[in-house]
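First comes the structure, then the notes that go with it.
Bear in mind these aren't lab numbers, they're just calculated from the coordinates by the rules spelled out. Here the structure is a predicted model, which means the values were calculated and not measured. Quick reminder, even Gly has a Cβ in these numbers, built from the backbone with ideal geometry, and neighbours come from all protein chains shown.
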Amino acid sequence: MSLVLDSIEISLNQIPLFTPLSLSVEPGTIVTIMGPSGCGKSTLLASICGMLDPGFLFTGTITLNNRRLNNIDMEHRKVGILFQDDLLFPHLDVFGNMAFGLPARMNRSEKREHVARSLAAAGLEGFAKRDIATLSGGQKARVSLLRALLAEPEAILLDEPFSKLDDNLRDSIKEFVFEQIGRLNIPALLVTHDRSDSADGTFIELR
C-alpha cells in the first residue's frame, strides 16, 4: 500500500509554492517533509487528501495502493489526516468522537467493542463516556489519532501534530503515533518545521 507522489507541483496565482516533488512512502514507513512556515507543507497534504482549495493549481499524480487519487472525492480516497489541533467534537463524548470515524457497516455494538479495544490499547480504558472538555492535551491527541485510524485509512498524513504539545508530552505522544502507524503497516507522510519530529532522523526539504 505505497503512497506515491509523482512530479507534484502546486501554484497560486501562477507562482509555484515549491519545486516539483516526487517520492514514495512504503507501508509502515514515515517520511518527513520539512520547511519553514508558508512553504506549502500543509497545502501539499490538503492536495493528497482531496481538500485543496480551488484557488490553487495542482499538477502531478498521486497514487495510493495502485489507485490514482487525483480525481477521487475526499471521502473515497482512504487517506486519514491528523492536525496540530485535535479538532474533536465538543458536543460528543469520547465514544461519539471515535465512532464518527468507524465504517458505516458496523452496528452500534461492534462500534462500542472497537472503541473500547482501541482506548484500552492507548491507555485510556474506561474513557468512552468522558466529556472531551475533561481530557488533557495528551489524551485529546491520542483520541484524535485513534479516530483517524479507526476509519481504516490506507495512508495517514500528519500535519505538525506535535507542535502544540507540552515538552513532557511530546515524546510520549510521538512514540504512540509512530507505534500505531507501524502496527497498521500503512504509509505516513509527516510535515513539520522541527527536525526532532522525524521518525528516523531523515527528512526531505520542501523548497
Problem set entry | Hydrodynamic radius of region 66-129 per Kirkwood, over alpha carbon pairs, in Å | 13.7
Seminar exercise, completed: Flagged as over-length at 21 Å C-alpha distance, from 78/174; 41/164; 78/111; 111/174; 129/174, the pairs are 78/174; 111/174; 129/174
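Determine the shape class of region 1-91: with a ≥ b ≥ c the square roots of the Cα gyration tensor eigenvalues, call it rounded for a/c under 1.5, and otherwise prolate if a/b is greater than b/c, oblate otherwise.
Verdict is rounded for region 1-91.
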Problem set entry | Antiparallel content of DSSP bridges confined to the chain, in %, to 5 | 50
Seminar exercise, completed: Most packed first (mean Cβ within 10 Å per residue), the peptides 154-162, 118-126 order as 154-162, 118-126
Seminar exercise, completed: Checked against the positive end of the charge dipole of the chain (+1 on Cβ of Lys and Arg, -1 on Cβ of Asp and Glu, about the Cα centre), the farthest of 47, 100, 12 is 100
Seminar exercise, completed: Hydrophobic long helices for the chain, i.e. whole DSSP H runs reaching 24 angstrom or more by Cα along the axis with Kyte-Doolittle mean at least -1.0, come out as 167-184
Exercise. Roughly speaking, what is the centre-to-centre gap between region 157-207 and region 92-146 when only Cα atoms are used, to the nearest Å?
Worked result: 21
